[in-house]
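Working notes, beginning with the structure itself.
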Amino acid sequence: MRALKAIIALLFVLAGISLGALNQQTISIDLFFVRYQAHLGLALLLCVLAGAVIGGALASISLLTDKAAVPKSAKTIPESGKSA
């Protein structure tokens, strides 16, 4: 399983390198107050990374709120047949 994860990670790294190498055009990014000059490949990679981080954060927030919504009585398993 570790080898499979390493191979998949390597494929993503190679795809990112080829994306950056094949898109060498310079673009202008205007953020209202600031203007940046960057390569198209770098801008694409940063946008994909930002989307993955934001998506992961939203998914983890939704998982945490789902766990918090479960009442305590549903979390505990009643013991049957035992007396104190």
Computed ³J(HN,Hα) along region 35-40: with the Karplus parameters 6.51/-1.76/1.60, θ = phi - 60°, integer Hz and x for glycine or proline, the list is 10, 10, 10, 8, 6, 4
5 Å is the cut-off here: which amide hydrogens, built 1.01 Å from N in the peptide plane, fall below it relative to Asn23, excluding neighbours closer than 5 in sequence? Gly41
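Every number here is computed from the coordinates shown, using simple stated rules; none is lab data. As the structure is a computational prediction, the values presented were derived from the model and not from experiment.
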